[in-house]
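Have a look at the structure below before the remarks.
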Amino acid sequence: MSFTSREIRSTIGANHSLALSLATQPVGDPADDEVIVRIEAAPLNPSDIGLMLGPAKISTMRADGSGLVFDLPSDGLDGLAARIDKPIPIGTEAAGTVVAAGANARALEGRVVGLWGGGMYADYRRIAASAVVPLPDGMRAADGAGMFVNPMTALGFVETARRGGHRAMVHTAAASNLGQMLQKICLADDITLVNIVRSRSQEALMHDIGATLVLNSSEDDFTERLTDMLAKTGATVAFDAIGGGTLGGAILRAMERAAARDMREYSRYGSGLFKQLYIYGNLDPGQTLLDRTSLGYDWSVSGWLLMPFLRAAGASVIAQMQARIIRERSTIFASSFSREIGLAEALTPEILRAFERRSTGDKFLINPTLDR
């Protein structure tokens, strides 16, 4: 049986442009240890949107043939040499039905599975059988589509904090789909989590799911309340989805001020309490601003990515995480989507502007069967 698949690709040109296109190509027969999955649900995660659009200037978007074209800033090619003129398939994770399987994977034929590994914004995906996870009987593809990136990231945060000896955590952009999962994990595992949001509606959302430690960064007394909360909880590690601006630095400063309350002797080097900020998102693409004179000397700022964490964690930890995600898929790790769109529909200006905003509670799901 032969299959032809459409696939969303992102290409950066040497002429300082970025093109999104819908390419069509044949899908080769599966090897002995491979399967072909008909994609029926693929989430538009922020990391996927970031890869799709890169540094493109959204205001310059224009239709061009079968896709969209954007201008890049004059310095938009910095660090992107390896991408120039190389179409990149988009989409980290998905779910769908196995429609063909190699000799060693016949048992998967007809099963609804979750999968990850890139190139998921497509009609079909040929992939190693080891990269798919059969979903429980009766579970829809839409319910299993988001079982990798956000759930494993949330569990990865908890594991990272534990390994670092931190007894409480801070999370920014906490009302996101990922943030809600993290709060539910912390409630189930009795872990203290300080949630930072940006609006009163987000505060209410977090309280509705059981969060008790919620701070609104737009309030005038945010810094004072944050310091009080960190002094109370002893939180010394933060996971920041914002990236740019002053919020990360404000969290480290509040940790230092909270620690200083217990200092009995003055030290020019600060409290001596180790404070860790992990930046894992890029909601603000600007510079990360830190006033290091107010942080003491025992602190660190690092990037956090899921794949390096998983490589370091090892197969046993990954298996435990996947088993928990499947077991609690309809509770802790449930994802909700505000809109389901077709594959070609994702490349229409109106839809792209909507999901590019990455608004809280407005998460899109691509279902290629809608316009195949």
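Total residues in region 322-341 satisfying the condition of being loosely packed, with under 13 Cβ neighbours inside 10 Å, closer than 20 Å to residue 365 by Cα and among the hydrophobic types (A, V, I, L, M, F, W, C): the figure is 0.
Just the residues that are out of contact with any helix residue (DSSP H, G or I) (no Cβ under 8 Å at 6 or more places or on another chain), at pLDDT 95 or above and within 19 Å of residue 337 (Cα to Cα), please, taken from region 95-140.
120 - this is the single residue of region 95-140 that is out of contact with any helix residue (DSSP H, G or I) (no Cβ under 8 Å at 6 or more places or on another chain), at pLDDT 95 or above and within 19 Å of residue 337 (Cα to Cα).
Among the residues examined, residue 96 qualifies as surrounded by 14 or more Cβ atoms within 10 Å (Cβ to Cβ), in a strand (DSSP E or B) and under 24 Å from the mean Cα position of the chain (by Cα).
Based on what the data block shows, is residue 72 touching a helix residue (DSSP H, G or I) at 6+ places or on another chain (Cβ under 6 Å) and open to solvent by less than 30 Å² (accessible area, probe 1.4 Å)? So residue 72 does not fit the description; no. Search region 157-176 for residues being in contact with a Ser or Thr (Cβ under 6 Å, 6 or more places away or on another chain) and either hydrophobic (A, V, I, L, M, F, W, C) or assigned to a helix (DSSP H, G or I) (or both), and hand back the single one that is nearest to residue 226 (Cα to Cα). The qualifying residue nearest to residue 226 (Cα to Cα) is 168. When you go through (1) in contact (Cβ under 8 Å) with a residue 60 or more places away in the chain; (2) in a strand (DSSP E or B); (3) out of contact with any Gly (no Cβ under 6 Å at 6 or more places or on another chain) one by one for residue 42, which number turns out not to apply? Looking at each condition in turn, residue 42 falls short on (3). Looking across region 192-221, just one residue is out of contact with any helix residue (DSSP H, G or I) (no Cβ under 7 Å at 6 or more places or on another chain), open to solvent by less than 30 Å² (accessible area, probe 1.4 Å) and under 17 Å from residue 250 (Cβ atoms), and that is 196.
The number of residues in region 238-287 that are β-branched (Val, Ile, Thr) and over 22 Å from residue 192 (Cα atoms) comes to 1.
Would you point out the residue of region 286-317, among those that are touching a residue at least 60 places away in the same chain (Cβ under 8 Å) and either in a helix (DSSP H, G or I) or at positive phi (or both), that is surrounded by the most Cβ atoms within 10 Å (Cβ to Cβ)? Write out each step before concluding.
As a first pass, look at region 286-317 and keep what is touching a residue at least 60 places away in the same chain (Cβ under 8 Å): 304, 306, 309-310, 313, 317.
Now drop any that are not either in a helix (DSSP H, G or I) or at positive phi (or both), which leaves 306, 309-310, 313, 317.
Details: 306: 18, 309: 20, 310: 16, 313: 18, 317: 15.
Residue satisfying both the conditions and the ranking: 309.
Of the residues 24, 60, which single one is part of a strand (DSSP E or B), open to solvent by 40 Å² or more (accessible area, probe 1.4 Å) and among the polar types (S, T, N, Q)? Even if it seems obvious, please write down each step before you answer.
Values: 60 fails: open to solvent by 40 Å² or more (accessible area, probe 1.4 Å).
When all the criteria are applied, what remains is 24.
The listed residues are 240, 262, 298, and the only one of them that is modelled with pLDDT under 95 and in contact with a Ser or Thr (Cβ under 9 Å, 6 or more places away or on another chain) turns out to be 262. For region 155-176, a residue qualifies if it is under 13 Å from the mean Cα position of the chain (by Cα) and open to solvent by 30 Å² or more (accessible area, probe 1.4 Å), and exactly one does: 176. Within region 27-57, being open to solvent by 40 Å² or more (accessible area, probe 1.4 Å), over 25 Å from the mean Cα position of the chain (by Cα) and among the hydrophobic types (A, V, I, L, M, F, W, C) holds for one residue alone: 31. Among the residues of region 80-89, none qualifies, meaning not one is closer than 18 Å to residue 366 by Cα, in contact (Cβ under 8 Å) with a residue 40 or more places away in the chain, open to solvent by 40 Å² or more (accessible area, probe 1.4 Å) and basic (Lys, Arg).
Check 228, 189 and return the single one that is out of contact with any strand residue (DSSP E or B) (no Cβ under 8 Å at 6 or more places or on another chain), open to solvent by 30 Å² or more (accessible area, probe 1.4 Å) and more than 24 Å from residue 280 (Cα to Cα).
Values: 189 fails: more than 24 Å from residue 280 (Cα to Cα).
Testing whether each residue is out of contact with any strand residue (DSSP E or B) (no Cβ under 8 Å at 6 or more places or on another chain), open to solvent by 30 Å² or more (accessible area, probe 1.4 Å) and more than 24 Å from residue 280 (Cα to Cα) leaves just 228.
Across region 116-148, the number of residues qualifying as more than 16 Å from residue 369 (Cβ to Cβ), outside any loop (DSSP other than H, G, I, E, B) and open to solvent by less than 20 Å² (accessible area, probe 1.4 Å) comes to 2.
Of all residues in region 231-285 being in a strand (DSSP E or B) and β-branched (Val, Ile, Thr), which is surrounded by the most Cβ atoms within 10 Å (Cβ to Cβ)? Restricting to residues being in a strand (DSSP E or B) and β-branched (Val, Ile, Thr), the top hit is 237.
In region 336-372, which residues are among the small types (Gly, Ala, Ser) and assigned to a loop (DSSP other than H, G, I, E, B)? Step through it out loud before you land on a result.
Taking region 336-372 first, the residues among the small types (Gly, Ala, Ser) are 336, 338, 342, 344, 346, 354, 359, 361.
Result: 336, 338, 342, 359, 361.
The values are calculated or read from the model by the stated rules, or taken from the named source; none is laboratory data. Since this is a predicted model, take the numbers as computed values, not measurements. Using ideal geometry, Cβ is built from the backbone for each residue, glycine included, and neighbour counts are taken over all protein chains shown. All accessible areas refer to the heavy atoms of the entire protein, side chains included, with ligands and DNA or RNA removed. Shrake-Rupley method; radii C 1.70, N 1.55, O 1.52, S 1.80 Å.
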